[in-house]
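Engineer: I'd like to ask you about the structure that follows.
The values are calculated or read from the model by the stated rules, or taken from the named source; none is laboratory data. Treat the numbers as computed from the prediction; the structure is a model and nothing was measured. All Cβ positions, even for glycine, are placed from backbone atoms using ideal geometry, and neighbour counts span all protein chains on display. Calculation scope for accessible area: heavy atoms of the full protein, side chains included, ligands and nucleic acids excluded. Shrake-Rupley method; radii C 1.70, N 1.55, O 1.52, S 1.80 Å.
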Amino acid sequence: MRALSDFLWHERDVLELLLHRLESERALLETGRTARVPLASREVDTALEALDIAELARASEAVGATSVLGLGPDATLATIAQRAPAPWGEIFDQHRTALRELLGGITALTGVRAGTSQDDDLTAIPAAELTHEDPADAAVELQLQEIGRKAATARGRVLRQGLLDFLA
């Protein structure tokens, strides 16, 4: 149980870093400071690679914990928390809550809903629906959407389905 908790702490750290890097990238785009956007994008990509590695390690450790608890290898963290002895059940519930909050922040920032195809979610808001009174603001918003769509497509799926299923 301790090993799984340690991996969950690591995954939380990686998601926190990813969220920070996405926020930094977004801030650069929104302020028009585009000279540093390529660097920020590389940092996001590095954080995504770290997340992939963390997910694999967590998935492996979760299988070990589920076998000890007599659960199937696809058990969710909620199921593990219900079956785990004290104090681990409460600790896993706290991890689950924190991880879901981080994923919510990432989802809100990237504009991609968890568990859906990014192609479905990357439709632009029509210019007529933008609420900016200044046409320049509306143009910037459309440019940000386009950059965001291209970045999300290039990166592939930000939130992997295995993590989403584990936290369901």
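Yes/no per residue for (1) open to solvent by 80 Å² or more (accessible area, probe 1.4 Å); (2) assigned to a helix (DSSP H, G or I); (3) farther than 14 Å from Phe166 by Cβ; (4) of a type in the set (S, T, N, Q):
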position: Trp9; (1), (2), (3), (4): yes, yes, yes, no
position: Val14; (1), (2), (3), (4): no, yes, yes, no
position: Arg26; (1), (2), (3), (4): no, yes, yes, no
position: Gly32; (1), (2), (3), (4): no, no, yes, no
position: Glu90; (1), (2), (3), (4): yes, yes, yes, no
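Engineer: May I ask you to say which residue of Ala75, Ala57 is surrounded by 13 or more Cβ atoms within 10 Å (Cβ to Cβ), small (Gly, Ala, Ser) and not in a helix (DSSP H, G or I)?
Structural biologist: When all the criteria are applied, what remains is Ala75.
Engineer: Mind telling me which of the residues Ala98, Ala108 ends up being hydrophobic (A, V, I, L, M, F, W, C) and open to solvent by less than 30 Å² (accessible area, probe 1.4 Å)?
Structural biologist: On inspection, the qualifying residue turns out to be Ala98.
Engineer: Within the stretch 30-40, does at least one residue satisfy the condition of being under 30 Å from Pro87 (Cα atoms) and of a type outside the set (A, V, I, L, M, F, W, C)?
Structural biologist: no
Engineer: Now for a different question. Within the stretch 42-54, work out how many residues are open to solvent by 30 Å² or more (accessible area, probe 1.4 Å), in contact with a helix residue (DSSP H, G or I) (Cβ under 8 Å, 6 or more places away or on another chain) and in contact (Cβ under 8 Å) with a residue 60 or more places away in the chain.
Structural biologist: Counting residues in the stretch 42-54 that are open to solvent by 30 Å² or more (accessible area, probe 1.4 Å), in contact with a helix residue (DSSP H, G or I) (Cβ under 8 Å, 6 or more places away or on another chain) and in contact (Cβ under 8 Å) with a residue 60 or more places away in the chain gives 1.
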